[in-house]
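Presented below is the structure to which this report refers.
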Amino acid sequence: MQTTTSVIPAPTTAERVRTALIRADTTQLAIDGCDPLPTSVHHLLDDGQVAVVVAEDSLPVALAWQSGSAGIPAMLELTDHSPIALRNPVRSLIWLSGTLRPVEHPRRVAAEIAEILPHPELLDVGHRSELLCLTLDSVVAADTTGSEAVDVADVLDAAPDPFAALETGWLQHLEEDHADIVRQIARRIPPAHRGGRIRPLGLDRYGLRLRVESEGDDHDVRIPFHEPVDDPAALSRALRLLVGCPFRNGLPPRT
């Protein structure tokens, strides 16, 4: 896949990782000697560890408990898919590598996580599921522009995009109800890169990303906002400015 170089401002790699930790819909825990294991929950704790919930009877759980406090090397792969049915739906891959250890009081930690992330699988911890923690050593992010390593400290200091939880509704709203708006915004793409079907790909506080699906290949284009935005009202105004004229009723997010 070819990629059109985007212009800044754009999220930093660390910000994209933090957002992917919220948005990633497919995760796999990889350990040498084991088949990749899906995780039902992943969550970044305040101390910088990533908590994951996996099946209690899985081999990684047994190996983690056998290792005790020493832990075992492991990698968590996060895949962020577009909420739109694109030809190539994968938007980014994140690889979190480090040391996997058991948790001394897993149900207590699960309850603390549930206060922030009320996921039903957390109720199974200690019954059919087990909670483990990954202490990060390295982080690598990849998208259509390539791959990049990012310091763990930068990831822990970064904040996720304020629209991470709302992005799906906004993009589906644009795709299903406002194709005309997408076409108007797409006029900002240089003509040489505009050939093909243009679809909404991503939305963040810095701008809108579009996917151009052409006969030969696909490429992505970032359309930046005039300035970063932090709330839905400002996001709606920023999108109206990209179109060049105000909408009568704005563009409210669909939840």
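The table that follows gives values for the structure above.
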item	result
Count of region 12-44 residues which are touching a strand residue (DSSP E or B) at 6+ places or on another chain (Cβ under 7 Å), over 15 Å from Leu76 (Cα atoms) and either polar (S, T, N, Q) or open to solvent by 30 Å² or more (accessible area, probe 1.4 Å) (or both)	2
Listing of helices (runs of 4 or more DSSP H) fully contained in region 131-228 that carry 2 or more residues being among the charged types (D, E, K, R) and more than 19 Å from the chain's Cα centre (by Cα)	167-177, 179-186
Inter-residue pairs, beta-carbon under 7 Å, first closer than 19 Å to His42 by Cα and in region 76-88, second surrounded by 18 or more Cβ atoms within 10 Å (Cβ to Cβ) and small (Gly, Ala, Ser), 6+ apart	Leu78/Ala20; Leu78/Ala24; Thr79/Ala24; Asp80/Ala20; Asp80/Ala24; Asp80/Ser92
In region 125-139, residue farthest from Asp47 (Cα to Cα) [restricted to those that are open to solvent by 30 Å² or more (accessible area, probe 1.4 Å) and of a type in the set (Gly, Ala, Ser)]	Gly126
Some residue of region 47-54 being open to solvent by 40 Å² or more (accessible area, probe 1.4 Å), in contact (Cβ under 8 Å) with a residue 40 or more places away in the chain, farther than 30 Å from Phe225 by Cβ and part of a strand (DSSP E or B)	no
Candidate set from region 112-122 (those that are assigned to a helix (DSSP H, G or I) and in contact with a strand residue (DSSP E or B) (Cβ under 9 Å, 6 or more places away or on another chain)); member that is nearest to Arg23 (Cα to Cα)	Ile116
Any hit, region 234-243, residues being more than 18 Å from Ala179 (Cα to Cα), out of contact with any Cys (no Cβ under 9 Å at 6 or more places or on another chain) and touching a residue at least 24 places away in the same chain (Cβ under 8 Å)	no
Subset of region 168-187 that is touching a Gly at 6+ places or on another chain (Cβ under 9 Å) and open to solvent by 10 Å² or more (accessible area, probe 1.4 Å) - its residue that is farthest from Gly244 (Cα to Cα)	Arg187
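Listed here are the residues, each with its yes/no results for (1) open to solvent by 10 Å² or more (accessible area, probe 1.4 Å); (2) of a type in the set (D, E, K, R); (3) over 18 Å from Thr13 (Cβ atoms).
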{"residue": "Thr144", "(1), (2), (3)": "yes, no, no"}
{"residue": "Leu156", "(1), (2), (3)": "yes, no, no"}
{"residue": "Leu166", "(1), (2), (3)": "yes, no, yes"}
{"residue": "Leu201", "(1), (2), (3)": "no, no, no"}
{"residue": "Glu215", "(1), (2), (3)": "yes, yes, yes"}
{"residue": "Val221", "(1), (2), (3)": "yes, no, yes"}
{"residue": "Ser236", "(1), (2), (3)": "yes, no, yes"}
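The rows are residues; the columns are (1) modelled with pLDDT of 95 or more; (2) closer than 30 Å to Asp220 by Cα; (3) open to solvent by 40 Å² or more (accessible area, probe 1.4 Å).
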position: Leu63; (1), (2), (3): no, no, yes
position: Gly68; (1), (2), (3): no, no, no
position: Gly71; (1), (2), (3): no, no, no
position: His105; (1), (2), (3): no, no, yes
position: Leu123; (1), (2), (3): no, no, yes
position: Asp151; (1), (2), (3): yes, yes, yes
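The values are calculated or read from the model by the stated rules, or taken from the named source; none is laboratory data. Note that the structure is predicted; figures quoted are calculated from it, not measured. Note that each Cβ is placed from the backbone with ideal geometry, even for glycine, and that neighbours are counted across all protein chains shown. All accessible areas refer to the heavy atoms of the entire protein, side chains included, with ligands and DNA or RNA removed. Shrake-Rupley method; radii C 1.70, N 1.55, O 1.52, S 1.80 Å.
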